[in-house]
Amino acid sequence: MQIYLPIAEVSVNAFLLLGLGGIVGILSGMFGVGGGFLMTPLLFFIGIPPAVAVATEANQIVASSFSGVLAHFKRKTVDLKMGTVLLIGGLVGAALGVVVFNYLKAQGQVDLLVKLCYVLFLGVIGGLMFFESLNAIRKTAKGKPATRKKHNWIHGLPFKMRFRVSGLYISVIPPLIVGLCVGILAAIMGVGGGFIMVPAMIYLLGMPTKVVVGTSLFQIIFVTAFTTMLHATTNFTVDIVLAVLLLVGGVIGAQIGTRIGVKMKAEQLRIWLAVMVLAVCFKLALDLLLQPTELYSIGVGGH
Amino acid sequence: MTLSKTLRWLVAALFIAMPVTAEEVVLGLSKNEVAITTSFNGSEILIFGAVKREKPIPDGEPLAVIITIAGPSETVTVRRKEKKLGIWVNTDSVDVDAAPSFYAVATSGLLRDALNDVEDLRYKISVPRAIRSVGAPMNVLDAASFTEAVIRIRGASDLYQLLEDSVTVDDQTLFQTSVRMPAALTEGSYATRIFLTRGGKVVSSYETAIDVRKVGLERWLYTLSRENAFLYGLMSLAIAIAAGWGASAVFRLFRA
């Protein structure tokens, strides 16, 4: 069944969109990530204009994170104070990101920026995660539990604040910077940024794992909602029909994925996630390095 | 010489002096409106007509029919990638001043037989002529390759079509063709022109328009997103959250 998307101005198969949403949903349910970093490139591949894909994906992330954060509120695994600090950084970052995005769009370099961001971040995060979980698997095989360093240079910074839920007493500078970076990425890459924020919260801020996901979801909802509004009012690129179709598939997929995820070991899950992240990174890097079949591209409107 | 005789002579002289109007187009379209609905997946337009004559079919060169459909023109920026520091990045760019968003040329024979270059230049019929490119920046030496790229890229997605030998002409009088418009259409008035040619020269032409419009939900969402962007953004968020919540509620219901 073909469906014409009013904002993207292309006609696509509705079941293809539902299916894409479903598959990405399964993966995100299994690994506890938003899946935006997979969905946005997939939307490029099926011919959705990049600007529309990025803006619409931000809208979709708001909705798919919403039921998640409610569940975490019920279990009291959201650090509201930390979430707010991350959010302040995030909102500033998102505004900066949209400005950069619009500037580079006018210069014709936005595709390059988005792809470079993906290659860089996916490569670093995927690589770190891969070796970290490989080590963890080796250690548990030897019978020793995996340990993490608790104190580092982060604890020497000023403006300290107490985060009761996380049991931390640290400077507000690192969470603000983490939030800022995630906000910029959310606006430029059309991702929630969970795949960057979750490792940063664990390894950089030293937050306990049980509050990390809820707190990051809390921050992501507000930052992506803000990004959606910015894209909708400056670029007119949010396609609600596309968002709803992806969402319905995504939510159902996520429920299935969560059930599969429960049956797998945490280290195994993480190593598979790392492999997936590296695969997407590799594909995008290849696109930049190999000569494209069509060297020319058309953008509507003058300089 | 009586007055009536003089008149008769005058009328006859007029007929000889105006060979252009000797053959005229009478046109029909299967539809003069294309409605883009939610299930829109392109549209096929049937164009048919007849040649009206006051005199018998002229001898000599046979009649050829050329039909063009052009979407609204817009300025497009064409960018070219180059390898810089090991990766492929956009470097040179050329603004093409006016390129139709859709362009189809259907002819009754080969285009080069039906139309000579002078007439093509005058009426801007062939695909390369329909694109207007005035100037390229000083640093770009091969501006023509950018215009060619527009034709190549849009041709690949059926936005530019050259349909030679697709117009059927019966007895040099009745003609018909059909043009398939792809799903990725922009809104606007699509100028539709019919040319009758003999020996490469245009002997008559006719112009009408096909209106391409979004309707219903498509129209409403599109208008809202442009004219009331803030409200549209809020609505998108609300609908998305409701849909996400609804879908997970339904799923839980199934499991219970």
Failed item in (1) within 18 Å of A:Ala58 (Cα to Cα); (2) touching a helix residue (DSSP H, G or I) at 6+ places or on another chain (Cβ under 6 Å), with A:Ile137 passing the rest: (1)
Odd one out for A:Met30 among (1) aliphatic (A, V, I, L, M); (2) under 27 Å from B:Thr223 (Cα atoms); (3) crowded, with 20+ Cβ neighbours inside 10 Å: (2)
Residue under evaluation A:Ala225, criteria (1) surrounded by 15 or more Cβ atoms within 10 Å (Cβ to Cβ); (2) closer than 30 Å to B:Asn90 by Cα; (3) within 11 Å of another protein chain (Cβ to nearest Cβ), criterion not met: (2)
Selected residue (criterion: surrounded by the most Cβ atoms within 10 Å (Cβ to Cβ)) from residues of segment B:156-166 that are of a type in the set (Ser, Thr, Tyr) and within 14 Å of chain A (Cβ to nearest Cβ): B:Tyr160
Test: residue in segment B:135-142 that is part of a loop (DSSP other than H, G, I, E, B), within 14 Å of chain A (Cβ to nearest Cβ), in contact with a strand residue (DSSP E or B) (Cβ under 6 Å, 6 or more places away or on another chain) and not aliphatic (A, V, I, L, M): no
Pair list, Cβ under 7 Å, 6 or more apart: segment A:216-244 residue in a loop (DSSP other than H, G, I, E, B), other residue hydroxyl-bearing (Ser, Thr, Tyr) and crowded, with 24+ Cβ neighbours inside 10 Å: A:Val238/A:Thr56; A:Val238/A:Thr228; A:Val238/B:Ser236; A:Asp239/A:Thr56
Residue among B:Val78, B:Val105, B:Val169 that is buried (at least 17 other Cβ atoms within 10 Å of the Cβ), closer than 19 Å to A:Pro292 by Cα and either of a type outside the set (Val, Ile, Thr) or assigned by TED's automatic domain parsing to the domain that holds B:Val26 (or both): B:Val78
Any hit, segment A:198-211, residues being touching a Leu at 6+ places or on another chain (Cβ under 7 Å), within 7 Å of chain B (Cβ to nearest Cβ) and of a type in the set (A, V, I, L, M): no
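Please work out if A:Glu267 is more than 14 Å from every other protein chain (Cβ to nearest Cβ) and among the charged types (D, E, K, R).
On the way: more than 14 Å from every other protein chain (Cβ to nearest Cβ): yes; among the charged types (D, E, K, R): yes.
In short, yes.
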Filter result (over 18 Å from the mean Cα position of the chain (by Cα) and assigned to a loop (DSSP other than H, G, I, E, B)) within segment B:118-134: B:Val134
Matching residues, segment B:237-256, being among the basic types (Lys, Arg) and facing another protein chain (nearest Cβ under 7 Å): none
Residue ID - modelled with the highest pLDDT, chosen from residues in segment A:167-195 that are in contact with a helix residue (DSSP H, G or I) (Cβ under 6 Å, 6 or more places away or on another chain) and on the phi > 0 side of the Ramachandran plot: A:Gly193
Filter result (touching a Lys or Arg at 6+ places or on another chain (Cβ under 9 Å), at pLDDT below 80 and either outside any loop (DSSP other than H, G, I, E, B) or not assigned by TED's automatic domain parsing to the domain that holds B:Asp120 (or both)) within segment B:16-67: B:Ala22
Test: residue in segment B:128-148 that is at pLDDT 90 or above and either under 23 Å from A:Leu295 (Cβ atoms) or of a type in the set (S, T, N, Q) (or both): no
Matching residues, segment A:67-103, being buried (at least 20 other Cβ atoms within 10 Å of the Cβ) and of a type in the set (Phe, Trp, Tyr): A:Phe101
Members of segment B:96-114 found to be more than 9 Å from chain A (Cβ to nearest Cβ) and not in a strand (DSSP E or B), listed by number: B:Phe102, B:Ser108, B:Gly109, B:Leu110, B:Leu111, B:Arg112, B:Asp113, B:Ala114
Candidate set from segment B:180-236 (those that are under 27 Å from A:Leu242 (Cβ atoms), surrounded by fewer than 18 Cβ atoms within 10 Å (Cβ to Cβ) and hydroxyl-bearing (Ser, Thr, Tyr)); member that is nearest to the other protein chains (Cβ to nearest Cβ): B:Thr186
Looking only at segment B:64-95, and only at residues there that are under 19 Å from the mean Cα position of the chain (by Cα) and within 7 Å of chain A (Cβ to nearest Cβ), the one that is nearest to B:Arg193 (Cα to Cα): B:Glu74
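The values are calculated or read from the model by the stated rules, or taken from the named source; none is laboratory data. Quick caveat: nothing in here was measured; it's all calculated off a predicted structure. Methodologically, a virtual Cβ is constructed for each residue, glycine included, from the backbone with ideal geometry; neighbour enumeration extends over all protein chains shown.
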